[in-house]
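Heads up: the structure comes next, in structure tokens.
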Amino acid sequence: MAEMLELGEKISILAGAAKYDASCASSGSEGRHGKTGEGGFGSTFAAGVCHSWTEDGRCVSLLKVLFSNVCRFDCAYCVNRSSADVKRSSFTVRELVDLTIEFYKRNYIEGLFLSSGIFADPDIVMEKLIEVAKTLRTEAGFGAYIHLKIIPGAGERLIREAGIWADRLSVNIELPTDKSLQHLAPQKSGRVILGAMGDFSALNSQFEEDRRRSRFSPSGKNSAPLFAPAGQSTQLIVGASAEDDRTIVNLSSSLYRKFALRRVYYSAFTPVGRGYGKSDSRLPDIAFPPLIREHRLYQADWLLRFYHFSAGEILDEDSAFLDPHIDPKTAWALKHMDWFPIEINRASYEELLRVPGIGAKSARRIIETRRSRSIDLDGLRRLGAVMKRARYFVSAGGRFLERPEDPARIRRILADQDGAGLQLPLFEF
Ligand code: SF4
């Protein structure tokens, strides 16, 4: 039946089915024309085009599709679950290769993001994804970005091969604990998912070592292949299960440490199950996805990756959730007023990073500028500091804009300054 569908209809089904995977940065976004993407010039959503960012900060458009939305699993939160009443379809390898090349030639896309429902044994599904990537690279000479999903349960041999053809691989952890997986996605297992991440990092180290050795070979040419040069990432759904933010931040921190993940993507739980078959009583009854919570988790993640914060500093034993009204760095600063003011003409790079309103770029500029002259408060603004936040936490040559005295007052002034416009969730655990 699936083969009888027109290609256009397949694209619409399989691109629509892929849009809730957040490991591609623009997933699930509504754009200017709503979730359906219908109507309006420049809308690419219906055709499955999403946007992502490369390691060097470029924004690229990707064709984001599933190979198949047929799935044996019945994950409660997923629109493609086996019990959902949705139209099913699958591409052939040839269709997907031709489609990617055609879209690329027309400048619609700069790469491919490919996942799939588990329509057969994990090795068989993984082989299909690899075949698409390999055919694109070897037959069509496609040199653009390819992101492939690792199908949990696929063997190490297949992860190795996927990494040879793809730029990035990802395996979704989906839920923060095994208990929640058992509850909402009983056919999945944390052990298998973490096992795939472990296989990736072991292979990555092996390939790096081979390349290092090959640099010193007599020919001087590096002939060892690259392995997924854009690394691995994962996605966590926020708000479908009862875990608090501390559990999530701790988990992310340990994934970054153990598996050298490039990114953890957080995806606010969207009640997509409604309208696709029976509603599931295991899921929370929410009116809106918890977008503020997702936003704060991304900020906390930023602190872990770029600001030298530990998970325990972001959320200590007394705090289960990130403050919805204030960003986590400011929340930390308000709890540690004894750290401030920071004298910007003397502080180390690490100390500057702790100041709300001073980012990594401004901290670097401050250190650079200080080599030739001292910086006053006006100069600090010119170096990129956001003074509406930084003003309470710094001094320059002993001068203050505001003395850092009353954290409750500062909190009142700064609360919600960067959350404006986000839809507040009506349901919280
Ligand atoms: S395995 Fe679960 S999350 Fe993945 S497509 Fe199937 S039902 Fe959806």
Problem set entry | Verdict on I164 being buried (at least 22 other Cβ atoms within 10 Å of the Cβ) and either closer than 26 Å to F113 by Cβ or of a type in the set (S, T, Y) (or both) | no
Exercise. Residue check: is Y20 crowded, with 17+ Cβ neighbours inside 10 Å, within 16 Å of the ligand (Cβ to nearest atom), farther than 21 Å from L136 by Cβ and modelled with pLDDT under 90?
Worked result: yes
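Residues are listed down the side, and each one gets a yes or a no for (1) over 21 Å from A396 (Cα atoms); (2) polar (S, T, N, Q); (3) in contact with a helix residue (DSSP H, G or I) (Cβ under 6 Å, 6 or more places away or on another chain):
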| residue | (1), (2), (3) |
| --- | --- |
| R305 | yes, no, no |
| P324 | yes, no, yes |
| K335 | yes, no, no |
| W339 | no, no, no |
| L352 | no, no, yes |
| G359 | no, no, no |
Exercise. Considering D74, D121, which residue is closer than 30 Å to R282 by Cβ, modelled with pLDDT under 95 and within 16 Å of the ligand (Cβ to nearest atom)?
Worked result: D74
For this session: Check whether at least one residue in segment 208-227 is touching a residue at least 40 places away in the same chain (Cβ under 8 Å) and either outside any loop (DSSP other than H, G, I, E, B) or basic (K, R) (or both), and report yes or no.
Result: no
Exercise. Hey, does segment 120-136 have a residue that's in a loop (DSSP other than H, G, I, E, B) and surrounded by 13 or more Cβ atoms within 10 Å (Cβ to Cβ)?
Worked result: yes
Problem set entry | Out of S27, S61, sole residue that is surrounded by fewer than 21 Cβ atoms within 10 Å (Cβ to Cβ), within 16 Å of the ligand (Cβ to nearest atom) and either modelled with pLDDT of 75 or more or closer than 28 Å to G239 by Cα (or both) | S27
For this session: May I ask you to list the residues in segment 170-193 that are within 16 Å of the ligand (Cβ to nearest atom) and either in a loop (DSSP other than H, G, I, E, B) or under 19 Å from F227 (Cβ atoms) (or both)?
Result: S170, V171, N172, I173, L175, P176, A185, P186, Q187, K188, S189
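The values are calculated or read from the model by the stated rules, or taken from the named source; none is laboratory data. Computed from a predicted model, the values in this text were never measured in an experiment. Note that we place each Cβ from the backbone using ideal geometry, even for glycine, and neighbour counts take in every protein chain shown.
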